[in-house]
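Since the structure comes first, as structure tokens, the remarks are kept for the end.
Nothing in this text is a laboratory measurement; each read-out follows from the coordinates by a stated rule. As the structure is a computational prediction, the values presented were derived from the model and not from experiment. Here Cβ is always computed from backbone atoms with ideal geometry, including for glycine, and neighbour counts include all displayed protein chains.
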Amino acid sequence: MIRAALPSLDRIREKVEAGERLDAAESEFLWHDSVDLHELGELANIVRERKNGNLGFYNINTHLNPTNVCVYRCIFCAFRADLRESRGYAMGDDQILARGREAVDSGSTEMHIVGGLHHQKDYDWYLGIIRLLHDHYPTLHLKAWTPVEINWFCHLTKRSVRDILCELKDAGLGSLPGGGAEIFHPEVRDKICEHKADTQEWFTIHRTAHELGLRSNATMLYGHIENAFHRTDHLLRLRQLQDETGGFQTFIPLAFHPANTRLSHLPKPTAAFSLRTMAVARLVLDNFDHIKAYWIMLGIGTAQAALAYGADDLDGTVRHELIYHDAGATTPEILSVEEIQRLIREAGREPVERDTLYHRVERDGVRWRAVPAPAG
Ligand code: V47
């Protein structure tokens, strides 16, 4: 019987230099401690620079979490509240419009909107948020609702994914954020978020969005109860859909923050683990243009270092982030444009402001316009 050769880093290096795809065994091998982190980073950097040159992207964005009340009880989430809890809230139209005004006045190009699934809010409430913001602030790109919310809307209305997405798009939805992915493998997913949209539903919703011309992002929540096999499986499933549709823009690894969650006994992922995750993602997801180091959850230092480990984007200046700060994130709640540019420059990269769809942004104060994305 001929046995398949064990993966080797030399062979992986040859493949990366030749632009060849890593197989499943090679992808899983990269997580092993015996694979030197710096060498891994060097390989990821080859791909990063091939795709995006020396550019380091950022955007100017504002978050909106219209409610934290949620019917689900994902054990990794510190943000959710019960209906009758005093910390539970749901925003009114005035508050939502005020947030939109603040976003526009601060020069934001994007509003990132995700929230809980409120027991007493119907689909029209969620649809109305998109319509309200789009009608008042048409220049803001609305990156809103993960498959978890979309799946909930289908459940509430008994309508199809396509129907719901078409209506949201008509109302002003610009793209889908990457959340709700967590870990796709059922061994883990069933334990950390047992009732919400399952893996098949998550993929159906992104596939349908791509078919309708909506771009979307993808995430992976790492550093809790999953292992290398589950993370590899997660990345390979994403790579497969991207082969089919090409609709994903960026992949965002999300480091688990344990404080105030039902997994608070677990340690936070270390910087070394986060850099390895960034590098493996860059190497395995050969068909994704961008890998984002979300500074809010990585911490500023690790996010900056990640620009040499495969990442090409730091996300945004970010106003009003709640999900990670409720889970113990100690990062600031906002970075100024000057600070984010300095972080990118200090990491040896050229800062480029982008819009949600990765067009270069040219601006004069809070007025801006998108021009075609720069070549790497
Ligand atoms: O799906 C929740 C994660 C996600 C915790 O698309 C947690 O540009 C760590 O998806 N520790 C929502 N993670 C955030 C998200 C996102 C963030 C930034 C940019 C984009 C984008 C998307 O946050 C959830 C979940 O995976 N999350 N709780 C926690 N305690």
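Please report Rg (one decimal) and Dmax (integer) in Å for the Cα set of segment 87-218.
Expressed in Å, the Cα Rg and Dmax of segment 87-218 come to 14.9, 46.
Run the simple label-point estimate for Q120 and R345 please: 7 Å along Cα→C-beta, distance reported in nm.
5.1 nm
How far apart, in nm, are the 7 Å Cα→Cβ label points at R50 and D82?
With each label point 7 Å from Cα toward Cβ, the separation is 5.3 nm.
Mind checking segment 185-258 for GluC sites (Glu not before Pro) that DSSP puts in a loop (not H, G, I, E or B) and that have at most 12 other Cβ atoms within 10 Å? Don't skip to the answer; put the middle values down first.
Values: sites: E187, E194, E201, E211, E226, E244; in loops: E194, E226.
Within segment 185-258, the qualifying GluC sites (Glu not before Pro) (loop, at most 12 other Cβ atoms within 10 Å) are E194.
Can you give the charge dipole size of the chain about its Cα centre, rounded to the nearest 20 debye, using +1 on the beta carbon of Lys and Arg and -1 on the beta carbon of Asp and Glu?
Details: 43 positive and 53 negative charges, 58 e Å.
Computed charge dipole of the chain: roughly 280 debye.
Fewest first, what order do Y58, Y324, Y89 take by the number of other Cβ atoms within 10 Å? Before the final figure, lay out each step's value.
Numbers: Y58 24, Y324 21, Y89 16.
If I rank by nearby Cβ atoms, fewest first, I get Y89, Y324, Y58.
Please work out how much length the chain gains when fully extended from V71 to K169, using 0.36 nm per residue of separation minus the C-alpha to C-alpha distance, in nm with one decimal. Present the calculation step by step, with values, prior to reporting the outcome.
Working: separation 98, 0.36 × 98 = 35.28 nm, distance 2.51 nm.
The span from V71 to K169 would gain 32.8 nm if fully extended.
Tell me which of H119, L254, H136 sits at the most positive position along the dipole axis of the chain, charges placed on C-beta atoms (Lys, Arg +1; Asp, Glu -1).
H119
FRET efficiency for L37 and R11, Cβ-Cβ distance as r, R0 = 22 Å, nearest 0.05? Working shown, then result.
Working: r = 19 Å, r/R0 = 0.85.
For R0 = 22 Å, the calculated efficiency reads 0.75.
Taking segment 67-137, which GluC sites (Glu not before Pro) meet the DSSP loop condition and have no more than 15 other C-beta atoms within 10 Å? Mind dumping the intermediate values first?
Numbers: sites: E85, E102, E110; in loops: E85.
Those satisfying the criteria are E85.
In a GNM of the chain with a 10 Å cut-off on Cα contacts, which of H290, H136, H257 has the highest mean-square fluctuation?
H136
Helix 93-105: angle to the longest alpha-carbon principal axis of the chain, degrees 0 to 90, nearest 10?
50 degrees
What angle do you read, to the nearest 10 degrees and between 0 and 90, between the alpha-carbon axis of helix 123-136 and the longest principal axis of the chain?
Approximately 90 degrees, to the nearest ten.
Show which lysines lie in cross-link reach of K121 when reach means a straight Cα distance below 21 angstrom and same-chain residues fewer than eight apart are skipped.
K143, K158, K169, K196
Only counting other Cβ atoms within 10 Å, I'd like L241, L97, L30, L298 sorted with the fewest neighbours first.
Going from least to most buried by this count: L97, L241, L30, L298.
Show log10 I(q)/I(0) for segment 274-376 at q = 0.17, 0.20, 0.23 Å⁻¹, two decimals, from a solvent-free Debye sum over equal Cα scatterers.
-0.85, -1.15, -1.37
Using only helices, what value at 222 nm comes out for the chain when you add -39,500 (n - 2.57) per DSSP H run of length 4 or more and divide by the total residues, to the nearest 500 deg cm²/dmol? The partial results should precede the final answer.
Details: 15 runs with 158 residues, N = 376.
After summing the helix terms and dividing by residue count, I get -12500 deg cm²/dmol.
Please determine, in degrees from 0 to 90 and to the nearest 10, the orientation of helix 161-171 with respect to the longest principal axis defined by the Cα atoms of the chain, where the helix direction is its Cα long axis.
Tilt of helix 161-171: around 60 degrees.
Could you give me D for segment 21-371, from Stokes-Einstein at 25 °C and 0.890 mPa s, where the hydrodynamic radius is the Kirkwood radius over C-alpha pairs? Units µm² s⁻¹, please. The partial results should precede the final answer.
Numbers: Rh = 20.3 Å.
The Stokes-Einstein estimate is 121 µm²/s.
Using the 10 angstrom Cβ neighbour count as an exposure proxy, how do Y123, Y309 rank, fewest first? Don't skip to the end; give the middle numbers.
Working: Y123 18, Y309 27.
In order of increasing Cβ crowding within 10 Å: Y123, Y309.
Could you tell me what fraction of 2.2 N^0.38 Å the Cα radius of gyration of segment 17-130 comes to, as a two-decimal ratio?
Its radius of gyration relative to the 2.2 N^0.38 Å reference: 1.62.
Residues of segment 337-372 with backbone nitrogen within less than 15 Å of a virtual label 7 Å along the Cα-to-Cβ line of D105, please, listed as ranges.
Counting only backbone N, you get 366-367.
When the label point is put 7 Å from the Cα of Q95 along its Cα-to-beta-carbon vector, which residues of segment 36-78 have a backbone N closer than 14 Å?
Once the point is set 7 Å along Cα→Cβ of Q95, 64-70 turn out to lie under 14 Å by backbone N, inside segment 36-78.
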